[in-house]
Structures are given as C-alpha cells and as structure tokens.
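Novice: Here it is: the structure, laid out below.
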Amino acid sequence: MTRAEFEKVFYSMYGLEDKSPSGYFAPGRVNLIGEHTDYNGGYVFPCSLSFGTYLLIRPNKRGTFRFASTNFSFTAEIGKHRIREKVDNEWVNYPLGIVNEMISRRVSLKGADFLYHGDIPNGAGLSSSASIEVVTAYALNDLSGKHISNLEIVKLSQHAENAFVGMNCGIMDQFAVAMGRAGKAVFLNCNTLDYELVPLELKDYRLVITNTNKERKLTDSKYNERRAECEQAVKYLQKGKPIRNLGELSLAEFESLAHLIPDETIFRRARHVVSEDARVLEAVATLRDGNLEHFGKLMYASHDSLRDDYEVTGIELDTLVNGARKIEGVIGSRMTGAGFGGCTVSLVHQDRIQQFRDKLGLFYHQKTGLEATFYVAEVRDGMQKWE
Ligand code: GLA
C-alpha cells in the first residue's frame, strides 16, 4: 500500500481535518542465532527486516484514542477513563499497552487517531507484536517532544507486552526492531544491554525465511514453561555459584556445575541456553572472519539443540531444516523466534534460491500436507519516521 492510499483510508475513517497525519515505521525481525537466550541474560544476534508495521497518527480534539488497522476488522475508541483496561484478546492491546507506558512516564497525551498497516506475515514469529509496540512508542515520543531515549522505547515496549498484553517475552524482539540497521545484525548482550552492529557480509549467500504456516497453539504457555525451567536450573546451580541467570555461565563452568541439577529435563534446558550462548559468540567471530560455511554449521547446531535439549521445534520446523540440509547451495538452517511453528531462516546461495523454494516446498508439502512460503530477507533500518 502506498502512503497516498494509506492516507486515503485514514481520511475515510477519521475525516479530512486541517492537519494531515504523521507517518512512522518499525520493522519485523529475524533472529540469526541465539534462541531462548534473551530472558536468560544471554546473547542474541537478530536483524531488522524490510517488512514491518506502518502507522499514521494524528492528534484529535475528542480526547480519546481511536485505533484501526488495515489488517484487522476490529476497531476501538477508548476514553482516558478506560485506558488501563485490556480489550479482550484484541490486537489493540499492543498499542494500548504503549499508551499506558507513556502515561506512566508522564508523557502528555491528549487523544489521537491511529491507523496501522502491517506487511509482516501474522503469527510467523517475525515479531509483528514488537513492531506494532515499537512503532507506537516511537511515534508518541516523537509527537510529544522526544523526551524518551531509544533504549527506553525498547524497554517500555517489552514492559507493555509483559505487563499489559500478558506475554512474558524477553527483550530481543523490541531491541532488534528499534535498533537494527540496514546490512547489519544486532549482537546484543541481554544481561548488560551492550550491543554492536555487525556487518552482515553474506557474499553470494542470502537469508531465506521459510514460513511453516502452521497455526501456532500453546506457544505462550510452552514459552512460560521454558522460562520457569530455566529459573529452576538457576536455583540448582546457585548451590555452586551465586549466579542471577544462565547467561553468567561459560560452557566450561556449566559443565563443572552440571551435577548440581538433579532433573534431566532441567539439565537439558540449561545446556541448550549455555551452549547456544557459546554458539552466538562463535558465530559472530566467524562472520567477522568471513567464514560463512562455519556460520551455517552453527545454525544447524543451534536447531539441533532447540530440537533435542530445549524441545521447541516440532515436526514442521524439523522437516524444513531436515529438507534444507539435503539441498545443494544451502549451508545453514534453523528455526527462528519462539518456535512451535513460525519460520526457519536459511543461508542459501543466491543462484540456488529458486531450486531451494521448489525442492523444499515440495518436500515439506509431502511430509506435512502444508504449503510453506518463502521470503528472501532484506535487512533494513529499524524504527523510523515515514516521510
Ligand atoms: C520470542 C520472544 C523473544 C525470544 C524468542 C526466543 O520471539 O519474544 O523475547 O525469547 O521468542 O529466542
């Protein structure tokens, strides 16, 4: 949808007043490696994508917040007195959570009309939620005098999702969506929030995202279960070292303390996190050395660990990665995001992309009966004004 078309929809909903709306954009993200490490204080390595959420917003004189989206039929008009209440399970809870965060930071908000348009495939694990949160926070901050730092936008967006929406996510998605840059991946330490933008020099290779198109169920409850298992692992390990989270342990330290974990499942969950952290460090170094083949091997190893130790993959994601392993020109593949469905990300030679789609699409359909969809990732800037 062009800006002009989008504005037309805006005017037809909210009227043609003297002021035109301001435009903003925040992307989705794909994580290259470092899965289920963020809420454990570990490392992640995501990048921001060209698809995302567009927002047109204009202050109104009604003193209410009106929300609409071209993606969903549900709309809402919410007065100040109802602002702290959730609206069932609706998408508007994402922006509403942000409005609440802004109000609690004493940002003066008098009422505004919002219209969203997203081109991130929904429920694909490419952070459509973080994208809508961050674009809303960025816009409200911009319109009200820019008192809030970019890092604060990241944090308040995560907090809105945890506290208002009720999904206990880590900080990776909001961070990548806000701080990502074109052609770079975000190497983030989730314990300290120190980060570095690492050039994504992929030579003749491209990142191809493959959507399982599997309807995700129980993702939130399984996600919370994994979080609890990691917290339990920390409790056991604290008998040997005063750690706050698994991200504080090197693989060697973990191995020397592992006997303190009496439960086999909890041990495997922790082993995934600590080994995944080590893989992120190695992957970043490997990318800097230009050794893409090795980077790809680490992606496969990450998937194996998520399948066997963390158990968040499932038949659809495993089928995509197993299929990718057999296709010429593919050097790495893994699930990305929370898992249980969603997408894989693969490193594919640019001359083999068509063949990758055809062969993997067929293989996947034969095994699961589902149709996969493919996107060649374009790594673009994070949150921004849409002029
Ligand atoms: C989801 C969460 C992130 C992160 C990933 C798994 O995307 O929102 O915070 O935990 O799962 O790596």
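The values are calculated or read from the model by the stated rules, or taken from the named source; none is laboratory data. None of these values were measured; they are calculated from a predicted model. Here the Cβ is made from the backbone with ideal geometry for all residues, glycine too, and neighbour counts use every protein chain on show. Remember, those area values only see protein heavy atoms, side chains included, never the ligands or the DNA or RNA. Shrake-Rupley method; radii C 1.70, N 1.55, O 1.52, S 1.80 Å.
Novice: In region 111-130, is there at least one residue being part of a helix (DSSP H, G or I) and in contact (Cβ under 8 Å) with a residue 60 or more places away in the chain?
Specialist: Looking for residues that are part of a helix (DSSP H, G or I) and in contact (Cβ under 8 Å) with a residue 60 or more places away in the chain, one finds at least one in region 111-130, hence yes.
Novice: Answer with yes or no whether E215 is at pLDDT below 95 and surrounded by fewer than 16 Cβ atoms within 10 Å (Cβ to Cβ).
Specialist: yes
Novice: If you go through region 173-184 one residue at a time, how many are open to solvent by 10 Å² or more (accessible area, probe 1.4 Å) and within 13 Å of the ligand (Cβ to nearest atom)? Give the derivation first.
Specialist: At the first step, the residues of region 173-184 found to be open to solvent by 10 Å² or more (accessible area, probe 1.4 Å) are 173, 179, 181-184.
Filter again for within 13 Å of the ligand (Cβ to nearest atom), leaving 173.
Residues meeting the conditions: 1.
Residues are listed down the side, and each one gets a yes or a no for (1) small (G, A, S); (2) modelled with pLDDT of 95 or more; (3) in contact with a Lys or Arg (Cβ under 8 Å, 6 or more places away or on another chain):
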{"residue": "V9", "(1), (2), (3)": "no, yes, no"}
{"residue": "A26", "(1), (2), (3)": "yes, yes, no"}
{"residue": "N31", "(1), (2), (3)": "no, yes, no"}
{"residue": "H36", "(1), (2), (3)": "no, yes, yes"}
{"residue": "Y39", "(1), (2), (3)": "no, yes, yes"}
{"residue": "W91", "(1), (2), (3)": "no, yes, no"}
{"residue": "P95", "(1), (2), (3)": "no, yes, no"}
{"residue": "N100", "(1), (2), (3)": "no, yes, yes"}
{"residue": "I103", "(1), (2), (3)": "no, no, no"}
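Novice: Please return the ranges of strands (runs of 3 or more DSSP E) entirely within region 309-386 where 2 or more residues are outside the structural domain of G183 (by TED's automatic domain parsing) and open to solvent by less than 20 Å² (accessible area, probe 1.4 Å).
Specialist: The qualifying strands (runs of 3 or more DSSP E) are 330-336, 343-349.
Novice: Pick from region 114-127 the residues that are away from the ligand (no atom under 14 Å from the Cβ) and touching a Gly at 6+ places or on another chain (Cβ under 8 Å): which of them is most open to solvent (accessible area, probe 1.4 Å)?
Specialist: The qualifying residue most open to solvent (accessible area, probe 1.4 Å) is D119.
Novice: Are any residues in region 128-163 open to solvent by 10 Å² or more (accessible area, probe 1.4 Å), within 14 Å of the ligand (Cβ to nearest atom) and not basic (K, R), and if so, which ones?
Specialist: Passing the criteria: S128, S129, I132, Q158, H159, E161, N162.
Novice: Any chance region 54-74 includes a residue that's assigned to a strand (DSSP E or B), within 16 Å of the ligand (Cβ to nearest atom) and of a type in the set (G, A, S)?
Specialist: no
Novice: Taking region 37-50, which residues are within 16 Å of the ligand (Cβ to nearest atom) and either open to solvent by 10 Å² or more (accessible area, probe 1.4 Å) or over 30 Å from S20 (Cβ atoms) (or both)?
Specialist: T37, D38, Y39, N40, G41, G42, Y43, V44, F45, P46, C47
Novice: Of everything in region 18-36, what is open to solvent by less than 20 Å² (accessible area, probe 1.4 Å), more than 9 Å from the ligand (Cβ to nearest atom) and not hydroxyl-bearing (S, T, Y)? Give them in sequence order.
Specialist: Across region 18-36, the qualifying residues are P21, G23, F25, A26, P27, G28, V30, L32, I33.
Novice: For region 243-259, which positions are in contact (Cβ under 8 Å) with a residue 40 or more places away in the chain and either acidic (D, E) or not in a helix (DSSP H, G or I) (or both)?
Specialist: R244, N245, E248 - these are the residues of region 243-259 that are in contact (Cβ under 8 Å) with a residue 40 or more places away in the chain and either acidic (D, E) or not in a helix (DSSP H, G or I) (or both).
Novice: Next question. Out of (1) in a helix (DSSP H, G or I); (2) more than 11 Å from the ligand (Cβ to nearest atom); (3) open to solvent by 50 Å² or more (accessible area, probe 1.4 Å), the odd one out for D220 is which?
Specialist: Among (1) in a helix (DSSP H, G or I); (2) more than 11 Å from the ligand (Cβ to nearest atom); (3) open to solvent by 50 Å² or more (accessible area, probe 1.4 Å), the lone unmet condition for D220 is (2).
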